[in-house]
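Structure first, commentary second.
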Amino acid sequence: MRVVGTAGHVDHGKSTLVQALTGIDPDRFDEEKRRGLTIDLGFAWYTLPSGLPIGIVDVPGHERFIRNMLAGVGAIDAVLFVVAADEGWMPQSAEHLQILDFLGVDRGVVALTKTDIAGELADAAEDDVREHLRGTALEDAPMVRVSAKTGDGLDELSEALDEALRALPDEEETGRVRLFIDRSFTITGAGAVVTGTLSAGRITVGDEVTILPDKRRARVRSLQTHGEQVQTAEAPRRLAVNLVGIDRRLIHRGDVIVCDPWILADRFAARLFAARELRHPLKQKGAYELFVGTAQTRCRLRFLEEVDELAPGSSALAIISTDLALPVIPHDRFVIRDVGRWETVAGGYVIDQDPPKRLSGADSYLDDLRAREGLHGTVLAEWILQRDLVMDQERLMMLAGTGPRQVGKARLDMMVDGFYFARGSREMLERRLTDALAAYHEAHPLAAGMPLSEAKDVLGIDACAVEALFAEIEEHRGVDVDGNVVRLPGHSGPELTVAERNAANRALRMLRDADASPPELDNVGLSQQLARALERAGELVFLTPSIAYPSDIWSDIEHRVVGFITDNGSATVSQIRDTIGTTRKYAVPLLEKLDATGVTRRKGDVRDLGPRGRDLAAKIAN
Ligand SMILES: Nc1nc2c(ncn2[C@@H]2O[C@H](COP(=O)(O)OP(=O)(O)O)[C@@H](O)[C@H]2O)c(=O)[nH]1
Ligand SMILES: [Mg+2]
């Protein structure tokens, strides 16, 4: 069903017109409204001459207009813009037009109402309205003179709406279930009922749902839409949802029903527009309130481009931080009001709900935002994948704000275990790995191969995806994985017999158990020859000819020492001894080894960090 929203100055005849068109009074049921029982509050529906069914959202009051237009996020297909012919353009006409613009509603019909009492004023009003619409999305919208009192022009108005809506592209499944709740109440015997506009996806009786931001679970007991009980409902649609398994007092306006995992963002990147008729430029500093869906929260603005303020009508890329975390997705529209003056000062759309934590050197991020802001659906999913190379399907859907069908159309290199690999990514990653292995073999000719954990770090992708990728690469023999090491096919490291390998594993286990104070090699059954082979394989690090650490323990010791010196500026031998939990017998050669490898630097009686130590410290800080 197509949804039309009304807009226009108070008392210009919006509700009367909706009733004249549909026979449904959007302001009806005063009594029920007060008791909160009407689920279709402000909603009317009828069938256009072509047979197209439409719903019309009409709400009383100016404040509620803004909220209700946003409540439909993406669900308002066109506007019925009402101006009374006897009064002409008014301040709220301008603010509503601005908000429609922020919301991306660029299609509609202008109704010049009350022509029965306007007389000659109608001509002047029409010119006035045309003048104000110039340069806006509604510039070319048809304008129809009507009187709800006499019925004049109503047929023509329906025809004009029909034409505007017929020109819309076919509705397609656009995403995963999301319903911003506008009201919640209790019906005796039925429990919690919430109403809202389902803007994407499909809900069916029996579905398990999650209510954000608190992530409470509930089950759908029944669904009602336009006065009818239904088994299943597809977006876009006004819905009343009867939920079981949840106390209605825990559900609030602005909460959101979803069925799948969702990113809750309290910080997102957006294209921000300053309102056209702003009296002062828009500044970053200020008390602002953000409206998105039915949610509303205080927010802070940070312009990403080199600007201090935005002139009326101009735009910038910005980071918006909110007090409440919101389940926003790319292209969600929002409006921002100044809390002090209580007027609409800005609006825009979400581009990235997962911006980098740090924006220093943000130039490349700005380029990213510019490149992706015009992309939707499958194309956006492909762009994100190409940037990150590998991603699991769920996260890709969350970031692109799309459903499985759209993400499923993305062109891929491969998909393993639910991970999508961007086109060309497998070759790129494989090359990254084989280049690193070649360098490793050159630097450690006697080692059996690169430790598996190091090889995974080289790829720099999600740990779970690494497993999938390795399985794939190994399958077609791009690399050989042998126990804990990886090597290029054809590279042969030191060969250990089965008995030697077993002895080595046993010894490594005993050394590991002793942490920083390992027994001598003789005492764990390691011959010098076998121990040196393990050293070449990168599995053992020697302190003295008779003392050695398994390489992971050694790396842990390095980290602890670097951590201590970072925190304290320097360290003495006894401080290091205590930090590592060992004795002087180990601490002294250990520090000599750390000095020799550039982790620490000796200065008289104390140590500070050497060049490699500083690198390590930087890595730890990240
Ligand atoms: N004469 C005349 N009065 C109208 C017409 N449409 C609305 N009105 C009156 O204008 C007033 C405001 O109408 P209403 O629909 O509540 O305006 P809204 O605030 O824009 O929803 C009411 O008293 C209506 O009876 C019309 O076409 N002709
Ligand atoms: Mg009204």
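All of the numbers you see were taken from the coordinates with simple rules; none came from a lab. All values reported here derive from a predicted model rather than from experimental measurement. All Cβ positions, even for glycine, are placed from backbone atoms using ideal geometry, and neighbour counts span all protein chains on display.
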- prompt: From the square roots a ≥ b ≥ c of the eigenvalues of the alpha-carbon gyration tensor of region 265-370, which class results: rounded (a/c under 1.5), prolate (a/b over b/c), or oblate?
  reply: oblate
message: Testing the spin-label approximation: label points 7 Å from Cα along Cα→Cβ at Asp140 and Arg302. State their distance in nm.
response: 4.1
query: So how far apart, in nm, are the two label points at Val10 and Arg219 if each is 7 Å from Cα heading toward Cβ?
result: 4.6
task: Of the options Val79, Ala596, Cys464, report the single residue whose Cα projects farthest towards the positive end of the charge dipole of the chain (beta-carbon charges: Lys, Arg +1; Asp, Glu -1).
output: Ala596
message: Just to compare against my own numbers: the Cα pair-distance distribution for the chain, 20 Å bins, whole % per bin, please.
response: 16, 37, 26, 16, 5, 0
- prompt: Farthest toward the dipole's positive end in the chain, which of Ala269, His280, Ile211, given Cβ charges of +1 (Lys, Arg) and -1 (Asp, Glu) about the Cα centre?
  reply: Ile211
task: For the chain, find the longest principal axis of its Cα atoms and tell me its angle to the long axis of helix 121-133, 0 to 90°, nearest 10.
output: 10
- prompt: What order do you get for 295-302, 79-86 when each peptide is scored by the mean count of other beta carbon atoms within 10 Å, highest first?
  reply: 79-86, 295-302
For region 398-403, 3J(HN,Hα) per residue [Karplus equation, 6.51 cos²θ - 1.76 cosθ + 1.60, θ = phi - 60°, Hz, x = Gly/Pro]: 4, 5, 7, x, 10, x
field: Net charge of neighbours whose Cβ lies under 14 Å from the Cβ of Glu156, counting Lys and Arg as +1 and Asp and Glu as -1
entry: -4
By average C-beta atoms within 10 angstrom, highest first, the peptides 210-222, 187-199, 7-19: 7-19, 187-199, 210-222
- request: Only Lys, Arg, Asp and Glu count, each charged at its Cβ (+1, +1, -1, -1), so figure out the dipole size of the chain about its Cα centre, rounded to 20 debye.
  value: 2220
statement: Checking region 388-456 for trypsin sites (Lys or Arg not before Pro) in a loop per DSSP with at most 16 other beta-carbon atoms within 10 Å yields Lys409, Arg411, Arg423
Charged-residue dipole, Cβ positions (Lys, Arg, Asp, Glu), region 466-602 about Cα centre, Debye nearest 20: 600
- prompt: Amide H neighbours of His491 under 5 Å, counting only residues 5+ apart in sequence or on other chains, H built in-plane at 1.01 Å?
  reply: none
message: Nearest 10 degrees is fine. How inclined is helix 463-475 to the longest principal axis of the chain, computing both from alpha carbons?
response: 70
message: Quick check: pseudo-label points 7 Å beyond the Cα along Cα→Cβ at Leu488 and Trp342, how many nm apart are they?
response: 7.2
query: Counting other Cβ atoms within 10 Å of each Cβ, which GluC sites (Glu not before Pro) in region 163-271 have at most 12 and sit in a DSSP loop?
result: Glu171, Glu172
- prompt: How far is the Cα center of region 308-363 from the Cα center of region 215-276, in Å?
  reply: 22
Region 322-466 - charge dipole about Cα centre, Lys and Arg +1 at Cβ, Asp and Glu -1, debye rounded to 20: 380
message: With angles folded into 0 to 90 degrees, how steeply does helix 611-621 sit against the dominant principal axis of the chain? Use alpha carbons for both and round to 10.
response: 40
query: Do the alpha carbons of any pairs in Lys456/Lys593; Lys409/Lys456; Lys593/Lys619; Lys114/Lys283 sit beyond 31 Å of each other, and which pairs?
result: Lys114/Lys283
- request: For Lys285, list the lysines whose Cα falls under 22 Å from its own Cα; do not include residues on the same chain fewer than 8 positions away.
  value: Lys357
- prompt: Where both partners of a DSSP beta bridge lie in the chain, what percent of those bridges are antiparallel, to the nearest 5?
  reply: 85
field: 222 nm mean residue ellipticity, helices alone, for the chain (DSSP H n ≥ 4; -39,500 (n - 2.57); rounded to 500)
entry: -10500 deg cm²/dmol
- prompt: What FRET efficiency do you get for Asp595 and Lys283 if R0 is 45 Å and r is their Cβ-Cβ distance, rounded to the nearest 0.05?
  reply: 0.25
field: Selection from Leu326, Leu543, Gly119 lying farthest towards where the dipole of the chain points positive, charges on Cβ
entry: Leu543
